[in-house]
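K.L.:
Quick one: the structure is below, questions incoming.
The values are calculated or read from the model by the stated rules, or taken from the named source; none is laboratory data. Keep in mind that what you see is a predicted model, and the values were worked out from it rather than measured. Neighbour counts run over all protein chains shown; Cβ positions are idealised from the backbone, glycine included.
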Amino acid sequence: MTIVLDFGGTGIGLLFMVVLACTVPGSYIGAFVSKRYTPKISILINIALFIISNFAGFLRLQSPDDKPISFLFAAIWGCLLGWFYPTESLIFSMLMPEGQESELAGFYLYCSQIFSWLPPLVFTMMNEAGISLSWGGVQLNIYFLMAGVFYCLMKPWESCLEASKINLMME
């Protein structure tokens, strides 16, 4: 934001305030889509929209003239973040077999933290190699795509719910 869009500290702060403020309507969007369809479909739609908005945003924001447009993308990304995190927690909590909460919560935290270093490392390596910052941002789509593939590999939502209840009955 500083190098490409020529934002100062105040501008960056305002941009992040827009992202933060837009997480609230995003959580309502996520709740609506999850109720209308299923949480699995909701998260897949969210991931697809994240990939599209990342491509559009990182390839569109190329100069200081694009500052006003960056606030639009900040609002979009804020809504998508507000949609993603509650939906991810909803999926996890609904599929949690009773009696395995602490074991799987630890596994969930481990998995969510163990790979958190990878996207910033790849971005930094691309930046240091002289690759455009736009492509450094677009590379985030690889991780969204992998998440989408794993969600697609899940059984249908109703089967997942039944499997979590069957484990309870087998004990």
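K.L.:
Does Ser164 fit the bill of being surrounded by 12 or more Cβ atoms within 10 Å (Cβ to Cβ), among the polar types (S, T, N, Q), out of contact with any Pro (no Cβ under 7 Å at 6 or more places or on another chain) and assigned to a helix (DSSP H, G or I)?
P.N.:
no
K.L.:
Output the residue which, of all residues in segment 1-47 that are under 12 Å from Ser70 (Cβ atoms) and aromatic (Phe, Trp, Tyr), is surrounded by the most Cβ atoms within 10 Å (Cβ to Cβ).
P.N.:
Phe7
K.L.:
Scanning for something β-branched (Val, Ile, Thr) and modelled with pLDDT under 90, does segment 34-48 turn up at least one residue?
P.N.:
no
K.L.:
Go over the candidates Ala74, Ala129, Ala147 one by one and state the one that is surrounded by fewer than 13 Cβ atoms within 10 Å (Cβ to Cβ) and aliphatic (A, V, I, L, M).
P.N.:
Step by step, each of Ala74, Ala129, Ala147 is checked, and only Ala129 is surrounded by fewer than 13 Cβ atoms within 10 Å (Cβ to Cβ) and aliphatic (A, V, I, L, M).
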